[in-house]
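What follows is one structure encoded as structure tokens, with my remarks underneath.
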Amino acid sequence: MPRYLMSVFGSPEPGPDSPTMTREEKLQSFADTGAFNDKLEREGHFVFADGLASALTATTVDGRGDQPVITDGPYLETKEYIGGFWVIDVPDLDVALTLAAEASHACREIVEVRPFQTEADIEAMLA
Amino acid sequence: MTDASEALARAHRDEWARVVAGLARRFGLDVAEDAAAEAFATAVERWPSDGVPANPGGWLVTTATRKAIDRLRRDAQRSAKYEAALMITDDSPPPETGPIEDDRLRLVFTCCHPALAMQARVALTLRMLGGLTVAEIARAFLVAETTMGQRITRAKAKIQAAHIPYRVPDENDLRLRLAGVLAVVYLIFNEGYLTSSGSDPLRVDLSDEAIRLGRLLHTLLPLDGEVTGLLSLMLLTDARRAARVSATGELVTLQDQDRGAWDRAMIEEGQTLVRERLASGAPLGRLQVLAAMNVVHTSAPTARDTDWSQIVALYDRLAAIDPSPIVRLNRAVALAEVDGPGVALAEVGRLASTLDSYHLLHATRAELLRRLGRSTEARAAYDRALALTANPAEQLHLARRRAQLPSRTS
């Protein structure tokens, strides 16, 4: 079955300082996300999911040259960063989009859905 | 036209979507498109000399299927993986019957999938369902052929890579997804209708294409009210096309149109469709209400005979479904005919800040101010409307209306 990455986008420092949600709202969002994960497991769509620490804790590494170049901070300079992600296993994009809508609703953030490469894609790339 | 070229034109019109749709289920969209094009090219070569086959549709499906399998064989020589794919696709079950299982409906929903950009949906729909060439679509939208080719190629690549399914959506999603399909067809219609100045004879007629697509959808989903609503709306609008632009290329408003130039057969067909919906007693969706308004307009022998209170009542129904400022603006135009220009102007005034950059707000204000004898304000409103529209037919119309205002000194 096709696999999709569902990335969650948000500000670099969600944490307890985030002004947009109260503590109760955050707890409710955690509970909703947990319930969504349970549903994914039950229906056989769950591959992996987790939240990431703040983008400010990221380190960028360029190992293409002789010596690796290590830089503090995320690679892309944007206002919003990936805050977590799911990997799901579903029959097609329609199912993935339905689940992404539920995921977005549960975690209160925007979700991007992107398919993983398949063997056929790699064959086509090498053809 | 010879018998063969007539048969070819008819087959292309009637069978293209069916051939692509049937093949797409077995071989994917990309192979289906190329194989269908090759099959029609072969028909162009053979039919004039060999004669038109007894069953042109069947001949085309068989020929296209053979082309698709040939292509997969060629690909298979490059990769053993494709060989395996070929074995599977060769065992494809025969197509199911019944309208909801029609492959063309699957094709409709795939081409109009919400995960594709609107421009890509329009292009794919015209290519895969309408059978237009990439060159024709490019010309219709005034973009380079390579640009349009890339747009279609990218869309097909996304369909494949993202696994956009080839199927009719579930009951839960059907209504929303169908509304998206109808939006694509209506966009194609308006693109043709609003730009139909006829300056380019090689430009395919997008309004005609949209009506053909509307008829196809109506064949596939005869019981859906909004599908019927869209088809009748397009027919009742297009019936007035000949009267809508003057010989000098100026827009002619409904009020001033020569009603004798309207296409009575199209009006008859459109009105019958709306009456069927009204008789069904089911609640009317947005497109059906719009179609019903056009029934009122096309039923009036002269503009003065228009049943404006009926139009206002229909706008009230529309506002309940779609409470947008544009709907309120259009309602105000009808309201002027029932309660007078003063009442309408007050309503338009309440929309002024929201719709300040919309030329028809200012054009409407100008007409109402003119009727109230407030020429100076009307002139300023015409100026605003003129500055906001790029459509030459509308500009001519607005400029003439402005010129007809009583002069400042009077």
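The values are calculated or read from the model by the stated rules, or taken from the named source; none is laboratory data. Quick caveat: nothing in here was measured; it's all calculated off a predicted structure. Please note: Cβ atoms are built from the backbone with ideal geometry, for glycine as well, and neighbour counts cover all protein chains shown. Each accessible area value is taken on the protein alone, full model and side chains, heavy atoms only, with ligands, DNA and RNA left out. Shrake-Rupley method; radii C 1.70, N 1.55, O 1.52, S 1.80 Å.
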Which one of these does A:LYS39 not meet: (1) among the charged types (D, E, K, R); (2) within 14 Å of another protein chain (Cβ to nearest Cβ); (3) touching a helix residue (DSSP H, G or I) at 6+ places or on another chain (Cβ under 9 Å)?
(2)
Residues in region B:128-175 that are of a type in the set (A, V, I, L, M) and either within 14 Å of chain A (Cβ to nearest Cβ) or assigned to a loop (DSSP other than H, G, I, E, B) (or both): how many?
12
Somewhere in region B:215-236, is a residue more than 27 Å from B:VAL168 (Cβ to Cβ) and either aromatic (Phe, Trp, Tyr) or modelled with pLDDT under 90 (or both)?
no
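Results for (1) surrounded by 21 or more Cβ atoms within 10 Å (Cβ to Cβ); (2) farther than 30 Å from B:PHE189 by Cβ; (3) among the hydroxyl-bearing types (Ser, Thr, Tyr); (4) modelled with pLDDT of 95 or more, shown as yes or no for each residue.
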site	(1), (2), (3), (4)
B:ALA76	no, yes, no, no
B:TYR82	no, yes, yes, no
B:SER92	no, yes, yes, no
B:ILE100	no, no, no, no
B:ASP103	yes, no, no, no
B:PHE109	yes, no, no, yes
B:THR125	yes, no, yes, yes
B:MET128	yes, no, no, yes
B:GLU136	no, no, no, no
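Please tell me if A:GLY34 is out of contact with any Asp or Glu (no Cβ under 6 Å at 6 or more places or on another chain) and part of a loop (DSSP other than H, G, I, E, B).
In short, no.
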Can you go through A:ALA58, A:ALA101 and tell me which one is surrounded by 15 or more Cβ atoms within 10 Å (Cβ to Cβ) and either modelled with pLDDT under 95 or within 14 Å of chain B (Cβ to nearest Cβ) (or both)?
A:ALA58
Selection count where residues are open to solvent by less than 70 Å² (accessible area, probe 1.4 Å) and without any contact (Cβ under 8 Å) to a residue 12 or more places away in the chain, scope region B:353-379:
1
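Residue-wise test of (1) open to solvent by 20 Å² or more (accessible area, probe 1.4 Å); (2) under 23 Å from B:ASP205 (Cα atoms); (3) not assigned by TED's automatic domain parsing to the domain that holds B:LYS156.
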| position | (1), (2), (3) |
| --- | --- |
| B:GLU15 | yes, yes, yes |
| B:ARG18 | yes, yes, yes |
| B:ALA24 | no, no, yes |
| B:ASP30 | yes, no, yes |
| B:ASP34 | yes, no, yes |
| B:ALA43 | no, no, yes |
| B:SER49 | yes, no, yes |
| B:ALA54 | yes, no, yes |
| B:GLY57 | no, no, yes |
How many residues does region B:280-305 contain that are buried (at least 19 other Cβ atoms within 10 Å of the Cβ) and of a type in the set (S, T, N, Q)?
3
Residue satisfying all of: in region A:112-127; closer than 19 Å to A:GLY10 by Cα and either away from chain B (no Cβ under 13 Å) or among the charged types (D, E, K, R) (or both); least open to solvent (accessible area, probe 1.4 Å) among these
A:GLU112
Complete set of residues in region B:316-330 that are of a type in the set (Lys, Arg) and surrounded by fewer than 19 Cβ atoms within 10 Å (Cβ to Cβ)
B:ARG317
Only one of B:ALA210, B:ALA265, B:ALA247, B:ALA242 is of a type in the set (Gly, Ala, Ser), open to solvent by 40 Å² or more (accessible area, probe 1.4 Å) and modelled with pLDDT of 90 or more; which?
B:ALA265
Restricted to region A:72-94 and to residues being touching a residue at least 12 places away in the same chain (Cβ under 8 Å) and within 14 Å of another protein chain (Cβ to nearest Cβ), the residue most open to solvent (accessible area, probe 1.4 Å) is A:PRO91
Identify, by number, the condition in (1) at negative phi; (2) away from chain A (no Cβ under 14 Å); (3) part of a loop (DSSP other than H, G, I, E, B); (4) at pLDDT 65 or above that B:PRO114 doesn't meet.
(2)
In region B:218-245, residues that are more than 15 Å from the chain's Cα centre (by Cα) and farther than 20 Å from B:PRO301 by Cα total 7
